[in-house]
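See structure below.
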Amino acid sequence: MAPSEPNAIPFRLKGELPHFAEELEGWKGYIEWEKYPEKKKQVEEILKQYDFPDPPEYQLEPLPKTNPVLTGERFKQYHQATGLGHLPDISWQYVLKEKSEDMIHVLQFPYNGEPPRDRLVETEITSNKDFFVRNHGGIPEIDPAKFFLDISGLVNDPKKLTLADLQNEALFPRQSNVVTLQCSGTRRIEQIREYPGDGDELINAPWAEGAIGAARWTGVSLKKVIKHCGGLKDGAAHIELLGADTYFKKGKVYNYAVSVPWRKVKANEVLLAWEMNGEPLPYIHGFPLRAVVFGYIGARSTKWLYQIRAIRDASEAPVQRKEYLYYTPQVGKQNAMYSNGFSIQDMPVSSAIMSPKDMETIIHDGKIKLKGWAYSGGGHWPVRVEVSGDGGSIWYEVPWENMSTKYYHAWRLWEIDLPVDAEGWLEMCVRCWDNALNTQPTFVRSAWNWDLHVTSSCHRVKLYSINRTRPATAARLKMVEEKNLSLVPITKPLPIDLETDEQFEAAMQARHGRDPLE
């Protein structure tokens, strides 16, 4: 386990640790809370006994230059106080086993991580090792041979289906789709830097541009499973999806639960997946079964899916009712209510420049190569990507042949050799247009919201341009090279004179000196 956050307040347990038995044989790390109100109440009373230290300030102060960036001490302590202190260690071992070594660990527990920027846009299908992770609790370890999915609620014929049942093609036709999943926190760091917002107890992780990825998911359409259960009873309009992970919210404990409207399921846009890019789901991504909800916020794609309930209204669970809400710019800590935000479902059009990185120095010959991604949810797809080298006044279209495959529910990667004559600090930005002519707000402020979700404004990076086609620049680069020096970093002064005394005198004579003639 990586070390605790600097200056973390020591946490001392009170008395003997409670013990909550795991619910089922072969289901490690899964404790059923929703069926046992008395057990949930017991946890609530336990958590009341502790004065947990405040989470670290990470918006009004600089983020730690560490990896993990944040370690999630508060959530580790919730687990420890309720006898679940082993789950953070188990979860971290899966990070080390299943994810790339150079992942950016945005939050150690519950694990939130994204891959390096440049590698993310090398292939249109994201590798399993590089696919971002946004978990809300510890990772359950479920034996696939002992797994079953419970379908209940307002269905005509409730059933329990094993994984073998779901994979039986005589019962269910198999479905495979390329689908992008995106966390609503993608690019949140841009909002934090300009206008900080909600510091939820489950830290609103300071995501950069890598909380997105595209994979080929294989499984069975939830619509087919509901049909196998006799269809829905009258009045059923939503489908609740429950995960086996344990989740805490404001001193209470839950199993992870969200819902999607029946209309989404009916369109065959909710997949129960057991395969990711032709391989069994990694544990960290929901093994043995997860939901993949096309075009929706990633939070609806429940991992470690173990129960499906047909219900009348949207789920009352806190993740659905109290989180992932989008507020107007004048709603904040002073007046936010769960009811005056709207629930985020379809992901809006968005894009990002992934290469070069913000604040890089680029030495070029009149063109700078930019690479990135573009995405639009809700069944829309990117049609056009435009890039600007002057902050958004003049736009260049990315050539269509420089964009990756079109899918109904996935991103497109793009690249462009952008003409750049100017030198010094330049602001590059990108915007995407989808097939419904939706595009992005111009500035972060236009899309700022208190919960810091969905940074859909034009993505911007600042680059320091050094243009070799300029004669003076070419001469300086030649001189620097001959003396085995470098212009990078630009903030480090050159240890030599910038011109000789003779060159200075000649230049001043040609300019008629610094002072007026009379």
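The values are calculated or read from the model by the stated rules, or taken from the named source; none is laboratory data. Predicted model, so just to flag it, every value in this text is computed and none were measured. Don't worry about glycine lacking a Cβ; one is built from the backbone with ideal geometry, like all the others, and counts go over all protein chains shown. Please note that ligands, DNA and RNA were not included when accessible areas were found on the heavy atoms of the full protein model with its side chains. Shrake-Rupley method; radii C 1.70, N 1.55, O 1.52, S 1.80 Å.
A few comments on the model shown:
- Residue list for the stretch 111-121, filter: in contact (Cβ under 8 Å) with a residue 24 or more places away in the chain and open to solvent by 20 Å² or more (accessible area, probe 1.4 Å): Pro116, Arg117, Asp118
- Of all the residues in the stretch 59-110, those that are open to solvent by 50 Å² or more (accessible area, probe 1.4 Å), among the acidic types (Asp, Glu) and assigned to a helix (DSSP H, G or I) number 1.
- Of the candidates Gly389, Gly372, Gly377, Gly341, the single residue that is at pLDDT 95 or above and either more than 22 Å from the chain's Cα centre (by Cα) or over 30 Å from Asp118 (Cα atoms) (or both) is Gly389.
- The condition of being at pLDDT below 95 and open to solvent by 50 Å² or more (accessible area, probe 1.4 Å) holds for only one of Arg445, Arg431, that being Arg445.
- Residue within the stretch 208-223 that is assigned to a helix (DSSP H, G or I) and crowded, with 24+ Cβ neighbours inside 10 Å present: yes
- Top-ranked residue of the stretch 275-307 - restricted to ones that are out of contact with any Leu (no Cβ under 8 Å at 6 or more places or on another chain), in a loop (DSSP other than H, G, I, E, B) and over 27 Å from Gly341 (Cβ atoms), ranked as least open to solvent (accessible area, probe 1.4 Å): Pro282
- Considering the stretch 308-317, the residues that are open to solvent by 10 Å² or more (accessible area, probe 1.4 Å) and not basic (Lys, Arg) include one that is nearest to Ile139 (Cα to Cα), namely Ala317.
- Residue list for the stretch 323-346, filter: out of contact with any Gly (no Cβ under 9 Å at 6 or more places or on another chain) and either open to solvent by 70 Å² or more (accessible area, probe 1.4 Å) or of a type in the set (S, T, N, Q) (or both): Gln330, Gln334, Asn335, Met337, Tyr338, Ser339, Asn340, Phe342, Ser343
- Among residues of the stretch 359-379 that are closer than 15 Å to Leu418 by Cβ, those with a beta-carbon under 9 Å from a residue that is charged (D, E, K, R) and crowded, with 19+ Cβ neighbours inside 10 Å at least six positions away or on a different chain give the pairs Lys369/Glu415; Leu370/Glu415; Lys371/Glu415; Gly372/Glu209; Gly372/Glu415.
- Top-ranked residue of the stretch 396-428 - restricted to ones that are under 24 Å from Arg476 (Cβ atoms) and free of Cβ contacts under 8 Å to residues at least 40 places away in the same chain, ranked as surrounded by the most Cβ atoms within 10 Å (Cβ to Cβ): Leu426
- Scan the stretch 325-347 for residues that are in contact (Cβ under 8 Å) with a residue 24 or more places away in the chain and closer than 19 Å to Arg263 by Cβ and the total you get is 5.
- Any hit, the stretch 430-440, residues being assigned to a loop (DSSP other than H, G, I, E, B) and not polar (S, T, N, Q): yes
- Qualifying residue in the stretch 252-263 (condition: of a type in the set (Lys, Arg), over 20 Å from Ile142 (Cβ atoms) and in contact with a Pro (Cβ under 9 Å, 6 or more places away or on another chain)): yes
Residues are listed down the side, and each one gets a yes or a no for (1) within 18 Å of Gln307 (Cα to Cα); (2) not acidic (Asp, Glu):
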position: Ala211; (1), (2): no, yes
position: Arg216; (1), (2): no, yes
position: Leu222; (1), (2): yes, yes
position: Lys227; (1), (2): yes, yes
position: Asp234; (1), (2): no, no
position: Ile239; (1), (2): yes, yes
position: Ala244; (1), (2): yes, yes
position: Trp262; (1), (2): yes, yes
